[in-house]
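Participant: Supplied in structure tokens, the structure appears directly below.
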Amino acid sequence: MARSVTTRHKTIATVAAWIVALLIFFPILYTIITSFKSEQEAIQGFSIIPSGTFESYSEVQAQSGYFKFFFNSVLLSVGSTILALLVAIPAAWSMAFSPTKRTKDILMWMLSTKMMPAVAVLFPIYLIFRDTGLLDSRIGLMIMLMLINLPIVVWMLYTYFREIPGEILEAARMDGASLWNEIVYVLTPMAVPGIASTMLLNIILAWNEAFWTIRLTTTEAAPLTAFISSFSSPQGLFWAKLSAASTLAIAPILIMGWFSQKQLVRGLTFGAVK
Amino acid sequence: MKLRTLTLGLLSASALAFAAHAESITIATVNNGDMVRMQKLTEDFTKANPDIQLNWVTLEENVLRERVTTDIATKGGQYDVMTIGTYEVPIWAKQSWLLPLDKLGDDYDAKDIIPAIAGGLSVDGKLYAAPFYGESSFVMYRKDLMDKAGLKMPDAPTWDFIKQAADKMTDRANGVNGVCLRGKAGWGENMAFLTAMSNSFGARWFDENWKPQFDQPEWKNTLQFYVDLMKADGPEGASSNGFNENLALFQQGKCGMWIDATVAASFVSDPKNSTVADKVGYALAPDNGLGKRGNWLWAWSLAIPAGTLKADAAEKFVAWATSKHYAELVASKEGWANVPPGTRTSLYANPEYQKAAPFAKMTLDSINAADPTHPTVKPVPYVGVQFVAIPEFQGLGTTVGQLFSAALAGQSSVDDALKQAQDAATAAMTEGGYIK
């Protein structure tokens with residue numbers, strides 16, 4: 001009896017999970033479906049069976065070369081993630097293993113910067129970029145993306161590091177390990193799952209960032225967010241082309257997310273059931 | 001000797017390399033059909049100007065507006081040519097943010113630009129932006145539904161006739177709405193339509209002393225007529241409909257009439273995308289017999305920011321893109337119907353264009369019927385037909401647009417929306433120093 005109740009609960013939970021997942025994924029799925037329609041089909045109401053034309057893809061590629069934007073997206077998301085980890089690992093280490101009475105306040109303050117609307121600092125940032133010659137530069141945007149995601153990276157790493165017993169680090173110190181060796185050879189290998197999931201999440205956040213990547217670039221450093229934006233039209237129905245551009249932009253990160261989902265989920269739920 | 005030869009050789013090579021190095025200009029634009037076509041045809045320009053390389057930045061309209069404003073206000077120097085509209089040109093020219101276009105070349109024929117359009121892009125008689133394509137607004141209607149209703153659309157209808165025709169054409173059982181109008185909030189969305197419409201009802205945004213006029217009967221008449229018309233004969237969810245949404249409805253045969261931009265004519269008459277392509281008629285925007293019609297005037301135009309270091313190359317490009325030669329180039333490659341409309345008088349005198357574009361005469365008549373310097377029945381202190389050319393208008397226009405959109409959606413009454421609009425406009429004008 002108890003077993004049948006458990007099985008029924010499991011079935012209900014599974015079905016509910018599938019429904020929720022489908023609801024969340026449906027807009028993406030419909031974008032992909034629309035990208036294989038002609039413009040006329042795209043405006044003719046709801047339909048999940050496309051004619052299967054690749055016309056929009058070829059037009060999108062002809063109008064604005066995809067690969068330049070793709071290359072910039074890869075460079076910016078990976079580059080900003082590496083920069084963020086270089087800064088965040090030592091920061092999170094000090095907060096986790098040598099906390100002071102102000103550590104919690106500093107962490108809260110870091111997180112509070114994420115609550116500020118980005119547009120509030122658009123002009124000062126734009127002027128700094130202009131005066132330092134960083135407008136439309138990959139390095140400038142990499143630093144910007146690193147800075148906006150840094151609070152989340154530090155917070156995540158701090159949470160992971162807190163799960164590692166301090167005694168292990170003490171033992172390393174007693175064995176004569178320097179601070180550098182302690183972080184690189186003892187702490188980092190133990191926190192690999194946490195660092196990996198932080199890295200993956202940061203790459204996704206940087207890939208999807210649209211406010212700064214559109215406003216601080218023109219031609220050289222523009223990533224895929226600018227590519228999608230260029231297909232939005234105030235006068236004219238180009239929904240199929242816009243869908244094709246969106247599909248091309250999200251496909252790489254979707255594939256990466258699919259292959260690394262185990263790692264992502266493990267990292268995100270690390271310490272959740274303590 | 002050897003050293004001197006080597007040095008000379010190196011210097012010559014450097015000079016050659018420098019000469020061969022093309023100057024690149026960056027052009028910011030929007031993703032409209034005509035703009036996309038221009039990008040495809042730029043080989044014609046670069047062949048004639050091999051020393052100039054073109055970089056395109058295409059952005060969504062609001063992002064473009066925000067980006068070019070930021071860039072020009074901070075002298076960021078990111079763009080050498082900007083696509084801007086008739087709203088920005090007078091404001092930016094007065095701020096000395098734009099270069100006057102006085103070197104467009106001897107064969108440019110600036111006098112050929114349609115006077116109403118040239119007037120909207122000039123300050124103190126100087127042209128600050130060259131029109132790439134211009135538009136007014138007019139009535140697009142289904143001839144078959146009009147016949148079925150037993151009516152005949154006059155060339156210059158009144159609002160009362162529009163109401164009568166809309167009532168007769170509405171057939172909700174078959175998914176036909178008598179009229180489709182903009183309802184989506186925004187200064188360039190519902191407020192473009194409603195401001196132009198209010199002109200024909202004798203309303204105005206401000207009196208000569210910048211006092212807001214939403215508490216006057218003319219505005220009440222305008223908004224009440226619009227809300228009643230849309231409730232009786234408009235599509236469901238009209239408060240979310242902008243140009244593209246109404247275009248989709250009209251192309252699918254779900255609108256008896258649509259009053260919107262003249263550029264829509266080429267979309268609704270295109271058999272590739274429109275199911276009603278051969279059934280569309282055109283008429284001037286309606287009036288109320290007060291001397292002003294409810295049509296607007298807009299031109300997407302190319303301007304050169306004052307901060308550019310490549311003004312000569314930029315002006316060469318602007319001259320090419322807005323020339324008669326460019327119109328002929330488009331006609332030779334893609335047919336006369338695809339030539340950017342609404343900028344040159346000579347285009348409308350061209351019999352081939354008249355043949356290819358049945359809406360040509362009505363477009364020209366609509367453009368000529370709009371006067372941005374005298375847009376209203378009563379006198380006003382501002383320029384602009386469907387907008388007020390002051391920097392505060394973008395924010396204020398959108399706020400008022402949200403209030404009117406809410407009235408259309410039934411979330412507030414017409415009186416409440418007008419009262420709140422009056423309060424918002426008074427606050428904005430006082431803060432801006434217009435009301436002392």
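The values are calculated or read from the model by the stated rules, or taken from the named source; none is laboratory data. Small disclaimer: the values here were computed from a predicted structure and weren't measured. Cβ placement follows ideal geometry from the backbone for every residue including glycine, while neighbour counts extend to all protein chains displayed.
Participant: Could you give me the residue pairs with C-beta distances under 8 Å whose first residue belongs to the range B:213-236 and is within 10 Å of B:VAL414 (Cα to Cα) and assigned by TED's automatic domain parsing to the domain that holds B:ILE162, whose second residue is β-branched (Val, Ile, Thr) and buried (at least 18 other Cβ atoms within 10 Å of the Cβ) wherever it lies, and which are 6+ apart or on separate chains?
Facilitator: From the range B:213-236, the pairs are B:LYS220/B:VAL414; B:LEU223/B:VAL414; B:GLN224/B:VAL414; B:VAL227/B:VAL414.
Participant: Only one of these is within 14 Å of chain A (Cβ to nearest Cβ), in contact with a helix residue (DSSP H, G or I) (Cβ under 8 Å, 6 or more places away or on another chain), in contact (Cβ under 8 Å) with a residue 12 or more places away in the chain and closer than 30 Å to B:PHE161 by Cα: B:VAL383, B:VAL280, B:VAL377, B:VAL276. Name it.
Facilitator: B:VAL276
Participant: If you don't mind, there's one more thing I want to ask. Condition first: part of a helix (DSSP H, G or I) and either without any contact (Cβ under 8 Å) to a residue 24 or more places away in the chain or buried (at least 21 other Cβ atoms within 10 Å of the Cβ) (or both). Now tell me which residues in the range B:395-413 satisfy that.
Facilitator: The answer is B:LEU396, B:GLY397, B:VAL400, B:GLY401, B:LEU403, B:PHE404, B:SER405, B:ALA407, B:LEU408.
Participant: Moving on. For the condition outside the structural domain of B:VAL280 (by TED's automatic domain parsing), closer than 28 Å to B:ARG65 by Cα, not charged (D, E, K, R) and not in a helix (DSSP H, G or I), what is the one hit in B:PRO379, B:PRO375, B:PRO391?
Facilitator: Selected residue: B:PRO375, the only one of B:PRO379, B:PRO375, B:PRO391 that is outside the structural domain of B:VAL280 (by TED's automatic domain parsing), closer than 28 Å to B:ARG65 by Cα, not charged (D, E, K, R) and not in a helix (DSSP H, G or I).
Participant: Still on this structure, I have one more. All but one of (1) at pLDDT 95 or above; (2) surrounded by fewer than 23 Cβ atoms within 10 Å (Cβ to Cβ); (3) in contact with a Gly (Cβ under 9 Å, 6 or more places away or on another chain) hold for B:ALA313; which doesn't?
Facilitator: (3)
Participant: State all residues of the range A:69-111 that are more than 23 Å from A:GLY194 (Cβ to Cβ) and free of Cβ contacts under 8 Å to residues at least 60 places away in the same chain; if no residue qualifies, say none.
Facilitator: Within the range A:69-111, A:PHE71, A:LYS101, A:ARG102, A:ASP105 qualify.
Here's the yes/no breakdown for (1) within 14 Å of chain B (Cβ to nearest Cβ); (2) part of a helix (DSSP H, G or I); (3) farther than 25 Å from A:ALA118 by Cα; (4) of a type in the set (Val, Ile, Thr):
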{"residue": "A:ILE204", "(1), (2), (3), (4)": "no, yes, no, yes"}
{"residue": "A:ILE214", "(1), (2), (3), (4)": "yes, yes, no, yes"}
{"residue": "A:PHE231", "(1), (2), (3), (4)": "yes, no, no, no"}
{"residue": "A:ALA240", "(1), (2), (3), (4)": "yes, yes, yes, no"}
{"residue": "A:LEU248", "(1), (2), (3), (4)": "no, yes, yes, no"}
{"residue": "A:ILE253", "(1), (2), (3), (4)": "no, yes, no, yes"}
{"residue": "A:MET256", "(1), (2), (3), (4)": "no, yes, yes, no"}
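Participant: Does B:ASN209 qualify as being touching a residue at least 24 places away in the same chain (Cβ under 8 Å) and closer than 30 Å to B:ILE117 by Cα?
Facilitator: So B:ASN209 passes the test.
Participant: Another question, if that's okay. Would it be correct to say that B:LYS378 is within 23 Å of the chain's Cα centre (by Cα), surrounded by fewer than 17 Cβ atoms within 10 Å (Cβ to Cβ) and charged (D, E, K, R)? Break it down stepwise before answering.
Facilitator: Numbers: within 23 Å of the chain's Cα centre (by Cα): no; surrounded by fewer than 17 Cβ atoms within 10 Å (Cβ to Cβ): yes; charged (D, E, K, R): yes.
Answer is no for this residue.
Participant: Looking at the range A:176-193, is at least one residue closer than 30 Å to A:ALA62 by Cα and crowded, with 17+ Cβ neighbours inside 10 Å? Walk me through how you get there before you give the answer.
Facilitator: Within the range A:176-193, the subset closer than 30 Å to A:ALA62 by Cα is none.
Taking every residue of the range A:176-193 in turn, none turns out to be closer than 30 Å to A:ALA62 by Cα and crowded, with 17+ Cβ neighbours inside 10 Å.
Participant: All but one of (1) within 28 Å of A:TYR30 (Cα to Cα); (2) within 14 Å of chain B (Cβ to nearest Cβ); (3) in contact (Cβ under 8 Å) with a residue 40 or more places away in the chain hold for A:LEU264, so report the exception by its number.
Facilitator: (2)
Participant: Can you name the residue in the range B:230-270 that is among the β-branched types (Val, Ile, Thr) and more than 10 Å from every other protein chain (Cβ to nearest Cβ) and is also nearest to A:ILE43 (Cα to Cα) among such residues?
Facilitator: Among those residues, the one meeting the criterion is B:VAL268.
Participant: Of all residues in the range B:346-367, how many are crowded, with 17+ Cβ neighbours inside 10 Å and not acidic (Asp, Glu)?
Facilitator: 12
Participant: For A:HIS9, all conditions in the list (1) out of contact with any helix residue (DSSP H, G or I) (no Cβ under 7 Å at 6 or more places or on another chain); (2) of a type outside the set (Lys, Arg); (3) more than 14 Å from chain B (Cβ to nearest Cβ); (4) closer than 30 Å to B:SER269 by Cα hold save one; what is the number of the exception?
Facilitator: (4)
Participant: So, in the range A:123-150, how many residues would count as being within 14 Å of chain B (Cβ to nearest Cβ), assigned to a helix (DSSP H, G or I) and at pLDDT 90 or above?
Facilitator: Initial filter on the range A:123-150 (within 14 Å of chain B (Cβ to nearest Cβ)): A:123-137, A:140-141.
After this cut, where a residue has to be assigned to a helix (DSSP H, G or I) as well, the list is A:123-131, A:140-141.
In the following step, the residues that additionally are at pLDDT 90 or above were identified as A:124-131, A:140-141.
Selection size over the range A:123-150: 10.
Participant: Continuing with this model, one more query. Given the options A:PHE67, A:PHE54, name the one that is at pLDDT below 95, under 21 Å from the mean Cα position of the chain (by Cα), surrounded by fewer than 13 Cβ atoms within 10 Å (Cβ to Cβ) and away from chain B (no Cβ under 14 Å).
Facilitator: A:PHE67
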